[in-house]
Amino acid sequence: MGTDTTRDRVLGLIASAGPITAATLAAELGVTPAGVRRHLSALADDALITEHEQPGTHVRGRGRPAKSYVATTEGQRSLTTAYSSVAVDAVSFMREHGNLSEFVDGKLAELEETLRAAVPADATMEERVEALSRSLAEQGYATSVRPGPGGFTVQLCQGHCPVQSIAEEAPEWCEAETRAFSRVLDVHVQRLSTLAGGAHVCTTTIPVTAVTAKEG
(Lines give C-alpha, C1' and ligand atoms only; values in the text may rest on other atoms or scores of the structure.)
Protein backbone atom coordinates (compact mmCIF):
# COMPACT_ATOMS: atom_id res chain seq x y z
CA MET A 1 0.00 0.00 0.00
CA GLY A 2 2.84 2.38 0.86
CA THR A 3 4.44 1.89 -2.55
CA ASP A 4 1.18 2.63 -4.36
CA THR A 5 0.66 5.73 -2.21
CA THR A 6 4.15 7.03 -2.98
CA ARG A 7 3.66 6.32 -6.68
CA ASP A 8 0.41 8.30 -6.62
CA ARG A 9 2.13 11.15 -4.79
CA VAL A 10 4.94 11.18 -7.38
CA LEU A 11 2.44 11.27 -10.24
CA GLY A 12 0.32 13.90 -8.50
CA LEU A 13 3.30 16.18 -7.91
CA ILE A 14 4.49 15.78 -11.50
CA ALA A 15 0.99 16.69 -12.69
CA SER A 16 0.76 19.77 -10.48
CA ALA A 17 4.35 21.06 -10.57
CA GLY A 18 5.83 19.63 -13.76
CA PRO A 19 8.17 20.02 -15.48
CA ILE A 20 9.96 18.79 -12.36
CA THR A 21 13.25 16.94 -11.82
CA ALA A 22 13.83 13.73 -9.88
CA ALA A 23 15.89 15.62 -7.30
CA THR A 24 13.08 18.08 -6.64
CA LEU A 25 10.55 15.26 -6.40
CA ALA A 26 12.69 13.45 -3.84
CA ALA A 27 13.12 16.61 -1.76
CA GLU A 28 9.45 17.55 -1.87
CA LEU A 29 8.18 14.05 -1.05
CA GLY A 30 10.86 13.16 1.50
CA VAL A 31 11.94 9.97 -0.25
CA THR A 32 15.33 8.82 -1.53
CA PRO A 33 16.45 9.70 -5.07
CA ALA A 34 16.73 5.97 -5.80
CA GLY A 35 13.14 5.47 -4.68
CA VAL A 36 11.92 8.31 -6.87
CA ARG A 37 13.81 6.93 -9.88
CA ARG A 38 12.10 3.55 -9.46
CA HIS A 39 8.69 5.22 -9.50
CA LEU A 40 9.66 7.42 -12.44
CA SER A 41 10.75 4.37 -14.40
CA ALA A 42 7.50 2.53 -13.64
CA LEU A 43 5.35 5.57 -14.46
CA ALA A 44 7.23 6.08 -17.74
CA ASP A 45 6.82 2.39 -18.63
CA ASP A 46 3.08 2.81 -18.07
CA ALA A 47 3.10 5.94 -20.30
CA LEU A 48 1.79 8.08 -17.43
CA ILE A 49 4.74 10.50 -17.52
CA THR A 50 7.26 11.59 -20.12
CA GLU A 51 10.47 13.60 -20.25
CA HIS A 52 9.91 17.29 -20.84
CA GLU A 53 11.57 18.57 -23.98
CA GLN A 54 13.08 21.98 -23.24
CA PRO A 55 13.19 24.21 -26.33
CA GLY A 56 16.70 25.05 -27.46
CA THR A 57 18.49 22.71 -25.04
CA HIS A 58 20.55 20.30 -27.08
CA VAL A 59 23.65 20.29 -24.89
CA ARG A 60 25.19 16.91 -24.26
CA GLY A 61 27.64 15.74 -21.63
CA ARG A 62 28.52 17.47 -18.39
CA GLY A 63 26.58 20.67 -19.14
CA ARG A 64 23.34 18.93 -19.99
CA PRO A 65 20.45 20.03 -17.72
CA ALA A 66 18.81 17.45 -15.45
CA LYS A 67 15.87 15.56 -16.89
CA SER A 68 12.48 16.93 -15.94
CA TYR A 69 9.12 15.22 -16.22
CA VAL A 70 5.50 16.03 -17.04
CA ALA A 71 2.35 13.95 -16.88
CA THR A 72 0.99 12.56 -20.15
CA THR A 73 -2.68 12.72 -21.09
CA GLU A 74 -3.04 9.16 -19.80
CA GLY A 75 -1.37 10.19 -16.56
CA GLN A 76 -3.84 13.02 -16.14
CA ARG A 77 -6.75 10.70 -16.81
CA SER A 78 -5.49 8.23 -14.21
CA LEU A 79 -5.96 10.94 -11.58
CA THR A 80 -9.62 11.50 -12.45
CA THR A 81 -12.51 9.94 -10.53
CA ALA A 82 -14.44 6.81 -11.38
CA TYR A 83 -17.42 8.96 -12.28
CA SER A 84 -15.79 10.39 -15.40
CA SER A 85 -17.53 8.12 -17.90
CA VAL A 86 -20.92 8.84 -16.35
CA ALA A 87 -20.24 12.58 -16.47
CA VAL A 88 -19.23 12.38 -20.13
CA ASP A 89 -22.43 10.50 -20.94
CA ALA A 90 -24.42 13.19 -19.15
CA VAL A 91 -22.67 15.93 -21.13
CA SER A 92 -23.41 14.14 -24.40
CA PHE A 93 -27.05 13.79 -23.37
CA MET A 94 -27.33 17.50 -22.56
CA ARG A 95 -25.71 18.47 -25.86
CA GLU A 96 -28.18 16.32 -27.77
CA HIS A 97 -31.09 17.95 -25.93
CA GLY A 98 -29.84 21.49 -26.37
CA ASN A 99 -29.23 22.41 -22.73
CA LEU A 100 -25.46 21.97 -22.42
CA SER A 101 -24.78 25.72 -22.49
CA GLU A 102 -27.20 26.27 -19.63
CA PHE A 103 -25.45 23.58 -17.58
CA VAL A 104 -21.95 24.94 -18.27
CA ASP A 105 -22.98 28.52 -17.53
CA GLY A 106 -24.64 27.46 -14.28
CA LYS A 107 -21.68 25.43 -13.00
CA LEU A 108 -19.15 28.09 -13.94
CA ALA A 109 -21.28 30.74 -12.24
CA GLU A 110 -20.98 28.67 -9.05
CA LEU A 111 -17.21 28.41 -9.53
CA GLU A 112 -16.93 32.14 -10.18
CA GLU A 113 -18.85 32.95 -7.00
CA THR A 114 -16.54 30.74 -4.95
CA LEU A 115 -13.41 32.23 -6.51
CA ARG A 116 -14.65 35.80 -6.13
CA ALA A 117 -15.20 35.24 -2.40
CA ALA A 118 -11.60 34.02 -2.05
CA VAL A 119 -9.88 36.77 -4.06
CA PRO A 120 -9.39 40.10 -2.23
CA ALA A 121 -10.42 43.08 -4.36
CA ASP A 122 -7.89 45.49 -2.83
CA ALA A 123 -4.74 43.35 -3.11
CA THR A 124 -2.03 43.51 -5.77
CA MET A 125 -2.63 41.47 -8.91
CA GLU A 126 0.10 39.00 -7.89
CA GLU A 127 -1.64 38.47 -4.54
CA ARG A 128 -5.02 38.09 -6.21
CA VAL A 129 -3.68 35.46 -8.61
CA GLU A 130 -2.12 33.56 -5.70
CA ALA A 131 -5.49 33.66 -3.90
CA LEU A 132 -7.21 32.44 -7.05
CA SER A 133 -4.70 29.59 -7.30
CA ARG A 134 -5.26 28.55 -3.67
CA SER A 135 -9.02 28.55 -4.10
CA LEU A 136 -8.79 26.40 -7.22
CA ALA A 137 -6.44 23.99 -5.41
CA GLU A 138 -9.01 23.57 -2.63
CA GLN A 139 -11.50 22.45 -5.29
CA GLY A 140 -9.25 19.75 -6.73
CA TYR A 141 -7.28 21.67 -9.34
CA ALA A 142 -3.52 21.19 -8.98
CA THR A 143 -2.41 24.78 -9.43
CA SER A 144 0.78 26.81 -9.37
CA VAL A 145 1.73 30.38 -10.30
CA ARG A 146 4.87 31.06 -12.30
CA PRO A 147 6.43 34.34 -13.46
CA GLY A 148 6.04 35.22 -17.11
CA PRO A 149 8.79 36.68 -19.32
CA GLY A 150 9.74 40.27 -18.60
CA GLY A 151 7.90 40.46 -15.30
CA PHE A 152 4.75 41.85 -16.91
CA THR A 153 2.69 38.68 -16.57
CA VAL A 154 2.29 35.57 -14.46
CA GLN A 155 1.12 32.17 -15.59
CA LEU A 156 -1.58 30.31 -13.70
CA CYS A 157 -0.88 26.62 -14.33
CA GLN A 158 -3.36 23.83 -13.65
CA GLY A 159 -1.59 20.49 -13.66
CA HIS A 160 -4.74 18.53 -12.91
CA CYS A 161 -8.36 19.24 -13.72
CA PRO A 162 -11.10 17.37 -11.81
CA VAL A 163 -13.47 17.88 -14.74
CA GLN A 164 -11.01 17.09 -17.54
CA SER A 165 -13.21 14.38 -19.05
CA ILE A 166 -16.11 16.81 -19.21
CA ALA A 167 -13.93 19.53 -20.74
CA GLU A 168 -12.68 17.11 -23.40
CA GLU A 169 -16.29 16.44 -24.37
CA ALA A 170 -17.33 20.08 -23.98
CA PRO A 171 -14.62 22.64 -24.87
CA GLU A 172 -17.17 25.27 -23.86
CA TRP A 173 -16.19 24.49 -20.28
CA CYS A 174 -12.59 25.73 -20.73
CA GLU A 175 -13.81 28.85 -22.53
CA ALA A 176 -16.28 29.66 -19.75
CA GLU A 177 -13.65 28.98 -17.08
CA THR A 178 -11.27 31.45 -18.75
CA ARG A 179 -14.00 34.11 -18.82
CA ALA A 180 -14.66 33.47 -15.12
CA PHE A 181 -10.99 34.03 -14.26
CA SER A 182 -11.06 37.27 -16.23
CA ARG A 183 -14.14 38.56 -14.42
CA VAL A 184 -12.85 37.59 -10.98
CA LEU A 185 -9.50 39.31 -11.57
CA ASP A 186 -11.07 42.17 -13.55
CA VAL A 187 -8.40 41.92 -16.23
CA HIS A 188 -8.15 40.26 -19.64
CA VAL A 189 -6.50 36.83 -19.38
CA GLN A 190 -5.34 34.52 -22.15
CA ARG A 191 -5.57 30.74 -22.09
CA LEU A 192 -2.49 29.35 -23.85
CA SER A 193 -3.04 25.62 -23.43
CA THR A 194 -5.45 23.15 -21.88
CA LEU A 195 -5.30 19.61 -20.56
CA ALA A 196 -8.50 18.90 -22.47
CA GLY A 197 -6.71 19.97 -25.64
CA GLY A 198 -3.87 17.50 -25.07
CA ALA A 199 -1.32 19.71 -23.28
CA HIS A 200 0.40 18.56 -20.07
CA VAL A 201 -0.96 21.59 -18.21
CA CYS A 202 -3.61 24.31 -18.52
CA THR A 203 -1.77 27.61 -18.79
CA THR A 204 -3.40 31.01 -18.42
CA THR A 205 -1.38 34.21 -18.87
CA ILE A 206 -2.41 37.07 -16.60
CA PRO A 207 -1.00 40.62 -16.85
CA VAL A 208 0.24 41.98 -13.52
CA THR A 209 1.96 45.20 -14.66
CA ALA A 210 0.74 47.73 -17.15
CA VAL A 211 3.22 48.34 -19.96
CA THR A 212 3.73 52.07 -20.45
CA ALA A 213 5.49 53.80 -23.32
CA LYS A 214 8.84 55.42 -22.52
CA GLU A 215 8.93 59.19 -22.65
CA GLY A 216 11.05 60.90 -25.29
> For log10 I(q)/I(0) by the Debye sum over Cα atoms at q = 0.10, 0.12 Å⁻¹, the choices are (1) -0.39, -0.57; (2) -0.51, -0.72; (3) -0.45, -0.64; which was calculated from the structure?
Replying inline: (2)
>> With a 1.4 Å probe and all protein chains kept in place, how do Glu138, Glu177, Glu112 rank by accessible area, largest first?
In response: Glu138, Glu112, Glu177
> When the chain is modelled as a GNM with alpha-carbon springs shorter than 10 Å, which of Ala199, Ala66, Ala90 fluctuates the most?
Replying inline: Ala66
> If you take the Cα atoms of the stretch 90-216, find Rg, then find the Kirkwood Rh from the mean of 1/r over all pairs, what is Rg/Rh?
Replying inline: 1.02
>> Could you compute Rg(Cα) / (2.2 N^0.38 Å) for the stretch 151-195, with N its residue count?
In response: 1.21
> For the stretch 1-43, what percent of Cα pairs sit more than 13 Å apart?
Replying inline: 43
> Hey, if you drop one equal point scatterer on each alpha-carbon of the stretch 125-182 and run the Debye formula without solvent, what base-10 log of I(q)/I(0) do you get at q = 0.18, 0.25 Å⁻¹?
Replying inline: -0.67, -1.11
> Once amide H atoms are built 1.01 Å from N in the peptide plane, which residues 5 or more positions from Thr21, or in another chain, come under 5 Å H to H?
Replying inline: Tyr69
>> Amide H of Leu192 versus every other amide H placed in the peptide plane: which residues, excluding those fewer than 5 positions away on the same chain, fall under 5 Å?
In response: Thr203, Thr204, Thr205
>> For the chain, what does the helix formula give at 222 nm: sum of -39500 (n - 2.57) over DSSP H segments with n ≥ 4, over the residue count, nearest 500 deg cm²/dmol?
In response: -15500 deg cm²/dmol
> If you plug each phi of the stretch 12-22 into the Karplus form 6.51 cos²θ - 1.76 cosθ + 1.60 with θ = phi - 60°, what whole-Hz ³J(HN,Hα) values come out, in order, with x for Gly and Pro?
Replying inline: x, 6, 4, 5, 8, 10, x, x, 9, 8, 4
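The values are calculated or read from the model by the stated rules, or taken from the named source; none is laboratory data. Everything numeric here is computed off the predicted structure, so don't read it as measured data. Remember, those area values only see protein heavy atoms, side chains included, never the ligands or the DNA or RNA. Shrake-Rupley method; radii C 1.70, N 1.55, O 1.52, S 1.80 Å.
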